[in-house]
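Some notes on the structure that comes next.
Every read-out reported here was derived from the displayed coordinates using simple, explicitly stated rules and does not represent laboratory data. Just so we're clear, the structure is a prediction, and the values are computed from it rather than from any experiment. Reconstructed Cβ throughout: ideal geometry from the backbone, glycine too, with neighbour counts over all protein chains shown.
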Amino acid sequence: MRAARLIKMVLLLQARPVMTAAELGRELEVSERTVTRDAQALAEAGVPVHADRGRAGGYRLVGGYRTRLTGLARSEAEVLFLSGVPGALREMGLEDAASAARLKVSAALLPSLRDAPSAAAQRFHLDAPGWWQEPEAPELLPAVAEAVWDDRRVRVGYRRPDRPEVERDLEPYGLILKAGVWYLCARAATGRPGVPADPGERAGFRVYRLDRFTAVAAGEDRFVRDPAFDLPRFWAERAQEFARSVLRETVRVRVSPAGAARLPYAVADHGAVREALEQTGAPDVNGWLTLTLPVESQDVAFGQLLGLGAELEVLEPPELRARFARNARALRELYE
């Protein structure tokens, strides 16, 4: 533990010209007295750490000293590519590895490029959850993330809506963070450990919500990844399939030019709206378009389309048109 802290202290001083004991203490999560002892230990080991006293004083490395301890560990190199999503790293339990990786990269940079990491951080930040949401990281996320990184088979308890809880033996391939919700892409564990199973034996890849996991137990067995599997492509295809699978009904509507412009923002599936607008015929003399729109249900369509007000007229189905008419009469009575 102390050896790792001493290395981190050297890397911090290599990345910055001068650091006070208080600054080092905050970075290393130790007291200033421990910083003083660590600096003394480094000096005794031959690392030229010098302490300048006074108002502008602090600790620094003398004579442009540079350590060669900048090789990235595998886990540090992997999480370095995720360093723009600190919240996700923290939830997966990888924040310390990312911090160490950034320090090593900073220590290896030329002095003229030392501000590159902070410059990038000030120009790009990813905030995954949607507005007005307070997402909570699933309690079992770190255990699942560790199994994903190590290619270890896991046995999980999974709670399904309106159905009994089940146990599954899975090969966890990848994690996805979508709008503040964590998902696991995995497939059923079959065959012998460490040996690829016959493709005919396995089911396809499935997606599991991590907040429905009730237990996770990682085994000692590692699985062999399918080299043809592409997580981003799989998720894009699955997300599109899911979005279309919930659009089980259709409604026929007329929209004004203003309504057509606002329609993609009123309906959740923007792609379905764009396709419907592209497939519609020519507008009438007033510029209104008639189109068929796929929707999840009449209840959902009512809630989404109501916001367009008089810029949209529902033509079919008759029961939804009647519902809009009743709402219009109620509004008229209310405001008169």
> Which FRET efficiency, nearest 0.05, do residue 214 and residue 244 yield, Cβ-Cβ r, R0 35 Å?
Replying inline: 0.70
> If you bin the C-alpha pair distances of region 217-308 every 5 Å from 0, what whole percents do you get?
Replying inline: 2, 11, 19, 18, 12, 9, 6, 5, 5, 5, 3, 2, 1, 0, 0
> Roughly what would the spin-label model give for residue 159 and residue 335, points 7 Å off Cα along C-beta, in nm?
Replying inline: 4.5 nm
> Using modelled backbone amide H atoms (1.01 Å from N, in-plane), which distant-in-sequence or interchain residues come within less than 5 Å of residue 174's amide H?
Replying inline: 185
>> Once you place label points 7 Å from the Cα toward the Cβ at residue 224 and residue 18, how far apart are they in nm?
In response: 6.0 nm
